[in-house]
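*Asks:* Take this structure, written in structure tokens, and hold onto it; I'll ask about it next.
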Amino acid sequence: MVPGPYINAEGNMGRINISRVILGGLLAGLIIDVGETVASLIFSAQMEEVLQALGLVMPGGGTIAVFMVLGFVMGIALVWLYAAIRPRLGAGPGTAIIAGLFFWFVGYFMPLLGDSLMGMLPWGTTAIFWIWGLVEVCLAALAGGWVYREEGAAAERPAAPAM
């Protein structure tokens, strides 16, 4: 490998800074959890209607606590993804948005599509949750990417030009 802006003389792209992944991931997870809490408050009547149609009840405290923990896990995974693609795409908000879009597609779009195709969720509700999740995850990715830094990096490198 030829050394360049993202590859050192040894041919390595560098190591992921796990402590910054966790720190940025906790911030991203907080944004996801706040977004989900606000969505739950705004759309609680719609969700209760959907759950009743399926013979289910609204989640209680224990389930909500698990969802909150999972929000932080999702935030950490999102920032890890940003850190993993950053050497190839460059540091910055564009790369964070790409990580967020991928994460949204796999974690929000596809599962909600499956729920709607099986008749468990009305298409209108699905569209609202898709849009809400897209904004939520992109904001979380931007915040988490802003916190993330490579180990020993004095200054951030500019994003690589698109090819």
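The values are calculated or read from the model by the stated rules, or taken from the named source; none is laboratory data. Note that the structure is predicted; figures quoted are calculated from it, not measured. Positions of Cβ are generated from backbone atoms using ideal geometry, with glycine treated the same way; all protein chains shown enter the neighbour counts.
*Asks:* Filtering the stretch 78-93 down to residues that are surrounded by 17 or more Cβ atoms within 10 Å (Cβ to Cβ) and among the aliphatic types (A, V, I, L, M), which residue is nearest to Ile22 (Cα to Cα)?
*Replies:* Val79
*Asks:* Among the residues of the stretch 9-46, how many are surrounded by 13 or more Cβ atoms within 10 Å (Cβ to Cβ) and in contact (Cβ under 8 Å) with a residue 60 or more places away in the chain? Before the answer, list the steps.
*Replies:* Here is the first cut: in the stretch 9-46, the ones surrounded by 13 or more Cβ atoms within 10 Å (Cβ to Cβ) are 13-14, 16-18, 20-37, 39-40, 43, 46.
Pick out the ones that are also in contact (Cβ under 8 Å) with a residue 60 or more places away in the chain and you get 13-14, 16-17, 20-21, 23-25, 27-29, 31-32, 35-36, 39, 43, 46.
Adding up the residues that qualify gives 19.
*Asks:* Okay, next question. Residues in the stretch 107-129: is at least one closer than 30 Å to Arg15 by Cβ and surrounded by 12 or more Cβ atoms within 10 Å (Cβ to Cβ)? Lay out the reasoning, then the answer.
*Replies:* Here is the first cut: in the stretch 107-129, the ones closer than 30 Å to Arg15 by Cβ are 107-108.
In the following step, the residues that additionally are surrounded by 12 or more Cβ atoms within 10 Å (Cβ to Cβ) were identified as 107-108.
Yes, because at least one residue in the stretch 107-129 is closer than 30 Å to Arg15 by Cβ and surrounded by 12 or more Cβ atoms within 10 Å (Cβ to Cβ).
*Asks:* From the list Gly100, Gly90, Gly107, Gly94, pick out the single residue that is touching a Cys at 6+ places or on another chain (Cβ under 7 Å) and under 24 Å from Leu26 (Cα atoms). Walk me through how you get there before you give the answer.
*Replies:* Details: Gly90 fails: touching a Cys at 6+ places or on another chain (Cβ under 7 Å); Gly107 fails: touching a Cys at 6+ places or on another chain (Cβ under 7 Å); Gly94 fails: touching a Cys at 6+ places or on another chain (Cβ under 7 Å).
Matching residue, one of Gly100, Gly90, Gly107, Gly94: Gly100.
*Asks:* Of all residues in the stretch 117-150, count the ones that are of a type in the set (Gly, Ala, Ser), assigned to a helix (DSSP H, G or I) and modelled with pLDDT under 95. Explain how you work it out, then say what you get.
*Replies:* Looking only at the stretch 117-150, we keep the residues that are of a type in the set (Gly, Ala, Ser), and these are 119, 124, 127, 133, 140-141, 143-145.
If we keep only those that are assigned to a helix (DSSP H, G or I) too, we end up with 124, 127, 133, 140-141, 143-145.
Filter once more, keeping what is modelled with pLDDT under 95: 124.
Total meeting the criteria: 1.
*Asks:* Assess whether Val69 counts as being over 21 Å from Thr125 (Cα atoms), surrounded by 14 or more Cβ atoms within 10 Å (Cβ to Cβ), at pLDDT 95 or above and hydrophobic (A, V, I, L, M, F, W, C).
*Replies:* Numbers: over 21 Å from Thr125 (Cα atoms): yes; surrounded by 14 or more Cβ atoms within 10 Å (Cβ to Cβ): no; at pLDDT 95 or above: yes; hydrophobic (A, V, I, L, M, F, W, C): yes.
So Val69 fails the test.
*Asks:* Next question, about the same structure. Consider Val57 carefully, then state whether it is of a type outside the set (Phe, Trp, Tyr), part of a helix (DSSP H, G or I) and on the phi < 0 side of the Ramachandran plot. Give the derivation first.
*Replies:* Values: of a type outside the set (Phe, Trp, Tyr): yes; part of a helix (DSSP H, G or I): no; on the phi < 0 side of the Ramachandran plot: yes.
Taking the combined requirement at face value, the residue does not satisfy it.
*Asks:* May I pose another question? Sort out which residues of the stretch 82-92 are out of contact with any Gly (no Cβ under 9 Å at 6 or more places or on another chain) and either at positive phi or without any contact (Cβ under 8 Å) to a residue 24 or more places away in the chain (or both), and write them in order of number. Quick ask: steps written out before the conclusion?
*Replies:* Applying the first criterion (out of contact with any Gly (no Cβ under 9 Å at 6 or more places or on another chain)) to the stretch 82-92 yields 84-85, 88-90.
Once the filter is applied, which keeps residues that are out of contact with any Gly (no Cβ under 9 Å at 6 or more places or on another chain) and either at positive phi or without any contact (Cβ under 8 Å) to a residue 24 or more places away in the chain (or both), the stretch 82-92 yields Ile85, Gly90.
*Asks:* Answer yes or no: is there a residue in the stretch 42-50 that is in a helix (DSSP H, G or I), at pLDDT 95 or above and among the small types (Gly, Ala, Ser).
*Replies:* no
*Asks:* To continue, here is another question. Is there any pair with a first residue in the stretch 99-114 that is touching a residue at least 12 places away in the same chain (Cβ under 8 Å) and a second that is of a type in the set (S, T, N, Q) whose Cβ atoms are under 7 Å apart and which are 6 or more apart or on different chains, and what are they?
*Replies:* Within 7 Å, the pairs are Leu112/Thr126.
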